[in-house]
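Written below as structure tokens is the structure these notes are about.
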Amino acid sequence: MSAATTALLLEAERYLEDEDVDRAAECFHQANELEKGRAPLPAVGLARVALILGRLDDAQRILEHVLRRHPTSAEALTYRGVVADARQTPKVALQYLERAVAVDATYAPAHANLGRVRGQLGQWPEALRAFRAAQALAPEHPPLVPLLALAAVRTGALKEAIEVLTTHLEQTPNHLDAIVALVDALVEANLVEHATELLANAVERMPQVAVLHARQSTLALRRGNLPLARSAAARHVALTPTDEDALLYAATLELMARNLEQAENHVQRVLELDQGNWRAHYQLGLIYDALRLKGPARVAYRMAMKHGPRAWQPRNNLAVLLLEEHRGAAAREALTLLEEALALGADRDAPDARYNLALAHWQLGETRASENAARQAARATVDSPVVASAKRFLGNFSAAQLSEGAHSATASGRRRWYT
């Protein structure tokens, strides 16, 4: 390449660092005109701009044209892999990225993107090797550090992850991704106190960063500090008032604290943003249920079912309310709802629906089916009070029936709380 082309490419890279895509594109275009297609880098630069702008078709077209003329261009192979990854075809992306690494083992972006795709596929040891290679080639590239650390955590190399992140943060203490990654690594290493201190310090220095308050809340909840979890969640909501997930999480914490009015306020805010959010309707049902407003709770659960056709939780909770009516028709509907909940995967998360199914069968006089469902709930390996309830329920079976006292003690069923 000529000296003029090299200068234009360097200028384009500076513009990209400043997120000035238009000027970068102009530099790449001028460089491409100068080289008349003889060098791949200017055209690859134009493809990178197309990628940044989300124009995948343009990026792919440019890169395939480059590869027809320069099939061993590590840069073109790498970004063709990035396009394939953006199109959600990771196996195709791997093919291009592996070719790029084979062509030029010193090209850091090829290793970095190879590691990223390997991680997406759950191939964490291979991802870690790729990130290590990229970091060795480009130690000054900050985005690599959290990625390397994540791969290290996933492969059990916690000491390496913590050391890499700690060293990096000594030089760039406000690198947000690195802070979050170090918190996660410390928690994984059971150094929760250190993670708590790190977050508290980061929140004090960067109080306008919402994700830090979110992380502080979840960590506080893990440690059983509900007041701190609530206050941090409230700060998160204040910074992101249209974040539906943040609002629902804050509502869950307020529900746990029995601050039902504030919980309802959060949920109603979500419904103002999106009437079709099934979790909001579900949480509204939980709130009304806690207030013993059974009618409104049933309506809310039915709305959650309408907007969440694949959600088992509202079906389970509505079934419990129906079982509390002690009517044959209500028990029959509850049975149908619980069968739907189990078909939707309730057993994967908790034995609640299976135990409630036992109660529904019992109310309908279907003793054999009731016992079978209770036995399945009692065999669940999760740590849940429902398992103990199912075992007590089974303990009261005689040859043909349960004692009336045992039935009344368990007939209220088990609800599932969304968190």
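General observations
- In summary, R310 fulfils each of the numbered conditions (1) crowded, with 19+ Cβ neighbours inside 10 Å; (2) under 30 Å from G365 (Cα atoms) with the single exception of condition (1).
So that you can scan it fast, the table gives a plain yes or no per residue for (1) in contact with a His (Cβ under 8 Å, 6 or more places away or on another chain); (2) assigned to a loop (DSSP other than H, G, I, E, B); (3) among the acidic types (D, E); (4) closer than 14 Å to L344 by Cβ:
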site: R292; (1), (2), (3), (4): no, yes, no, no
site: V299; (1), (2), (3), (4): no, no, no, no
site: R310; (1), (2), (3), (4): no, yes, no, yes
site: R315; (1), (2), (3), (4): no, no, no, yes
site: E325; (1), (2), (3), (4): no, yes, yes, no
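- Verdict on E366 being at pLDDT below 95 and closer than 23 Å to L255 by Cα: no
- Reported count of residues in region 262-271, each being within 24 Å of the chain's Cα centre (by Cα) and either surrounded by fewer than 20 Cβ atoms within 10 Å (Cβ to Cβ) or in a loop (DSSP other than H, G, I, E, B) (or both), is 3.
- In the condition set (1) in contact with an Asp or Glu (Cβ under 7 Å, 6 or more places away or on another chain); (2) under 21 Å from V103 (Cα atoms), C27 is compliant with all but (2).
- For region 272-305, a residue qualifies if it is of a type in the set (K, R) and either crowded, with 17+ Cβ neighbours inside 10 Å or in contact (Cβ under 8 Å) with a residue 12 or more places away in the chain (or both), and the qualifying residues are R279, K294, R298, R302.
- Every condition in (1) within 26 Å of the chain's Cα centre (by Cα); (2) at pLDDT 95 or above is met by T381 except one, and the failing one is (2).
- Some residue of region 135-147 being on the phi > 0 side of the Ramachandran plot, outside any helix (DSSP H, G or I), modelled with pLDDT under 95 and small (G, A, S): no
- Search result, residues across region 52-99 that are surrounded by 15 or more Cβ atoms within 10 Å (Cβ to Cβ) and either among the β-branched types (V, I, T) or part of a loop (DSSP other than H, G, I, E, B) (or both): I62, V66, H70, S73, T78, V82, V83, V92
- Checking each residue of region 100-123 against the condition of being under 28 Å from E64 (Cα atoms), modelled with pLDDT of 95 or more, among the aromatic types (F, W, Y) and not in a helix (DSSP H, G or I) gives at least one match.
Each row is one residue, and each column tells you yes or no for (1) on the phi < 0 side of the Ramachandran plot; (2) within 28 Å of the chain's Cα centre (by Cα); (3) at pLDDT below 85; (4) surrounded by fewer than 22 Cβ atoms within 10 Å (Cβ to Cβ).
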| residue | (1), (2), (3), (4) |
| --- | --- |
| D349 | yes, yes, yes, yes |
| D352 | yes, yes, no, no |
| Y355 | yes, no, no, no |
| A409 | yes, no, yes, yes |
| T419 | yes, yes, yes, yes |
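- Restricting E244, E204 to residues that are of a type in the set (D, E), surrounded by fewer than 22 Cβ atoms within 10 Å (Cβ to Cβ) and more than 23 Å from Y282 (Cα to Cα) narrows the list to E204.
- Counting residues in region 226-249 that are within 22 Å of the chain's Cα centre (by Cα), of a type in the set (S, T, N, Q) and modelled with pLDDT of 95 or more gives one or more.
- Neighbours by Cβ (under 6 Å, 6+ apart or cross-chain): first from region 129-158, under 12 Å from A112 (Cβ atoms) and without any contact (Cβ under 8 Å) to a residue 60 or more places away in the chain; second of a type in the set (F, W, Y) and in a helix (DSSP H, G or I): L147/F131; L148/F131; A151/W124; A151/F131
- Boolean, G37 is modelled with pLDDT under 95, assigned to a loop (DSSP other than H, G, I, E, B) and within 27 Å of the chain's Cα centre (by Cα): no
- Helices (runs of 4 or more DSSP H) contained entirely in region 164-261, each with at least 2 residues that are closer than 23 Å to A149 by Cβ: 176-188, 192-205, 210-222
- Residues that are within 17 Å of A76 (Cβ to Cβ) and surrounded by fewer than 21 Cβ atoms within 10 Å (Cβ to Cβ) within region 17-28 are absent altogether.
- With respect to (1) part of a helix (DSSP H, G or I); (2) over 17 Å from Y107 (Cα atoms), the lone exception for M1 is condition (1).
- Criterion: of a type outside the set (V, I, T) and closer than 28 Å to A257 by Cβ - qualifying residue of L219, L169, L176: L219
The values are calculated or read from the model by the stated rules, or taken from the named source; none is laboratory data. Predicted, not measured: the structure shown is a model, and the values here were computed from it. Don't worry about glycine lacking a Cβ; one is built from the backbone with ideal geometry, like all the others, and counts go over all protein chains shown.
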